[in-house]
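The values are calculated or read from the model by the stated rules, or taken from the named source; none is laboratory data. Since the model is a prediction, treat every value here as computed from it, not as a measurement. Here Cβ is always computed from backbone atoms with ideal geometry, including for glycine, and neighbour counts include all displayed protein chains.
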């Protein structure tokens, strides 16, 4: 028998201050200022925060929200809140004030830690809901505000002890709260436990996951306000890796500078980020010799982008798949050992362009309409279901019960295909599949093919109503500066790429930019409202 040690946030928090005290936490603010701390400083400050939360009178299980960019201050909340038995609620700073107000009320937040430049957004949200009891600005002073009782974070923790007695926390206790992006209706709350977060962090550190170890430097471009920045901050802290944080709107030039200057080895973000970074690297004729791999998720990265990074910059893009409901990492598209002698083209087709292999502990099934498993033939589509120790088993307040099966599976809303090599690929979101004349067309496949065109910067495909065929595909494209594109060009390219003539779009729309959701994904709902 083994020791029954609770798998809680203290196991993740204690390691770095004790075993990597001099490893750095580097934070770049929206203004461009860079601040450096060590894990030893982080450990002391985080325990001061724990004491401060006690002094504020917050009870066990109370929700403490953050409205903040990526930073070491935010990382202190990542551990200070749950290690003192409260629940960390990361608020999405890219949603509307009304949506923010809904989440504050639905979560019943008792305190909010907010970055100074986001205070006006919080003010607007609090026009629609009663303010939490405590408002704290993450800085050393409080900017001018019409909100009452706001205190500065540095004043809050300044006089607190730097050691906090370790609590024996039940591993099944709530640790974090994150809301879904709400692409269809109101966002739903997903509650992470100490146990699920610990196990997810271990999976992220593993080579089957993001492969993060003590010698790495991580830079998550994915925000800390959504799905725990894909688990990277917890994983990096668990092994004592250097952490680099970039705050504010993405500027490819300064982001590349940070990757280079801090010798980042693992970074992560959505495909649109890496399209811009590739152009910046190409403009500079520069590579990033320390960068081992890029984790790319949120949407399927174009094959042309994967190939460009490998050929031009010597950098591997590893596709990841997951959701808020899966903590979020559920699979990674690493090649298998038997593929060592395959050509790069074969490996890319078989592995790198797939959603990946499920991480150890995550189970995946792809089912047809009758509930049977679809064959692993690389073409049969079905609904994707998952289950595992860091997969949600119900939403906050009992919402969304239709997403869960009686035999313990979560219905993701994705349509997937199983490959003979053991991988699965996301064919589409259920709501984004195009049913034309009774046959399915994958918008994801069509987007990827269109983005292979030299004149195309970005492409999004949606279904539009058709009186004869029920639905037809509409291709929305962003054309590169100085280039032109016609519908005939797109149809010819798709036909040459293996699409059947009946699948070809009847028209295209040239747009200035593809609209994005609050987490950086294509907002097809907005496109359907505009063109559907």
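Structure data summary
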quantity	calculated
Which listed residue is at pLDDT 95 or above and either closer than 19 Å to residue 380 by Cα or within 30 Å of the chain's Cα centre (by Cα) (or both), from 425, 478, 415	478
Residue in segment 377-393 that is farthest from residue 179 (Cα to Cα), counting only those that are surrounded by fewer than 16 Cβ atoms within 10 Å (Cβ to Cβ) and more than 20 Å from the chain's Cα centre (by Cα)	377
Checklist (1) assigned to a loop (DSSP other than H, G, I, E, B); (2) surrounded by 21 or more Cβ atoms within 10 Å (Cβ to Cβ) applied to residue 238, failing item	(1)
Single match in 498, 520 (criterion: assigned by TED's automatic domain parsing to the domain that holds residue 446, in a loop (DSSP other than H, G, I, E, B), touching a helix residue (DSSP H, G or I) at 6+ places or on another chain (Cβ under 9 Å) and surrounded by fewer than 16 Cβ atoms within 10 Å (Cβ to Cβ))	498
Sole exception among (1) part of a strand (DSSP E or B); (2) surrounded by fewer than 18 Cβ atoms within 10 Å (Cβ to Cβ) for residue 190, by number	(2)
Residue match in segment 96-107 (condition: at pLDDT below 95, part of a loop (DSSP other than H, G, I, E, B) and over 15 Å from residue 157 (Cβ atoms))	yes
Criterion violated by residue 350 - all others in (1) over 24 Å from residue 444 (Cα atoms); (2) over 20 Å from the mean Cα position of the chain (by Cα) satisfied	(1)
Those residues of segment 11-25 which are surrounded by fewer than 20 Cβ atoms within 10 Å (Cβ to Cβ) and under 24 Å from the mean Cα position of the chain (by Cα), in sequence order	11, 24
Residues that are part of a helix (DSSP H, G or I) and under 22 Å from residue 25 (Cβ atoms), drawn from segment 244-301	254, 255, 256, 257, 258, 259, 260, 261, 273
Test result for residue 141, under 28 Å from residue 40 (Cβ atoms) and touching a strand residue (DSSP E or B) at 6+ places or on another chain (Cβ under 6 Å)	yes
